[in-house]
Amino acid sequence: MSIATRYYADMQAGFAEGPPEAVAQIAEVLLACVGSGRSVYTFGNGASAALAGHLACDLGKGSAADLGEASTHRPARRLRIVSLADNLALTTAYGNDVGYDSVFVEPLKSLAAPQDVALGISGSGGSPNVLRALEYARSIGATTIGLTGRQLKAALMAPLCDILLTAPSDVMEQIEDFHVSFGHMIALELRARLGTSPVGWER
């Protein structure tokens, strides 16, 4: 069996388990944020940093009911979402001056408030900077959400999260693939609930 064939079969087996309940739970939390004006902060390292930005893009833009309307109109309620991984200057400043383990918790100290949402992504579940940020968010009364995989370190993330979304794999590349798909599912669920679904997703 080729690597590609095995990889494809593994992904099929994971998807065959069906969408985790956490997908709908996360969409529900984000929907509540739209109604309350609470903010969401996403963060992660490497490919998870890219996904943090991807989620902020899809969830922020996709949840806008008045997208493209004239700026003189009173704006509709939108999801307030920011990726903490997208500010390279700030991330490297904290990493250089304080330590890499602090690159997400320090901006959360400046931005996050009780009842906001901290969404940390770590395929292994053991990224120290993600865990520290989730721990801080929980300490101030924010809702904590984690995306991880079936690796041994995932046990470190679980007690810090109100909702844990686990990819059905212990292979990092596949975990990342599942995380991207879960992000799209959450975005589409949120759009459907807000009535901003793209054409073709009304069914």
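The values are calculated or read from the model by the stated rules, or taken from the named source; none is laboratory data. Please read all numbers here as calculations on a predicted model, not as lab measurements. So basically every Cβ, Gly included, is an ideal-geometry build from the backbone, and we count neighbours across all protein chains shown. Only protein heavy atoms, including side chains, enter the accessible area calculation; ligands, DNA and RNA are left aside. Shrake-Rupley method; radii C 1.70, N 1.55, O 1.52, S 1.80 Å.
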Highest first, please rank the peptides 174-183, 117-126, 56-65 by the mean number of other Cβ atoms sitting within 10 Å of their residues. 117-126, 174-183, 56-65
In deg cm²/dmol and to the nearest 500, what is the mean residue ellipticity at 222 nm of the chain if only DSSP H runs of at least 4 residues count, each as -39500 (n - 2.57), divided by the residue total? -16000 deg cm²/dmol
Radius 12 Å from Cβ of Cys161, net charge of other residues (Lys, Arg +1; Asp, Glu -1): -1
Once amide hydrogens are built 1.01 Å from N within the peptide plane, the residues lying 5 or more places from Leu165 or on another chain with amide H under 5 Å from its amide H are Gly146, Leu147, Thr148
Any idea what the dipole of the chain comes to, in debye rounded to 20, about its Cα centre with Lys/Arg Cβ at +1 and Asp/Glu Cβ at -1? 440 debye
Modelled label-to-label distance, Glu17 and Asn87, 7 Å Cα→beta-carbon offset: nm? 3.6 nm
With every protein chain in place, the chain: carbon and sulfur % of accessible area (1.4 Å): 55 percent
What figure, in Å² to the nearest 10, do you get for the accessible area of Glu28 with a 1.4 Å probe and non-protein molecules left out? 90 Å²
Here the stretch 174-182 yields Karplus 3J(HN,Hα) values (6.51, -1.76, 1.60; θ = phi - 60°; whole Hz; Gly and Pro given as x) of 6, 4, 5, 4, 5, 4, 4, 5, 4
Suppose a student asked you for the relative contact order of the chain, using Cα pairs under 8 Å spaced at least 6 residues apart; what percent would you report? 23 percent
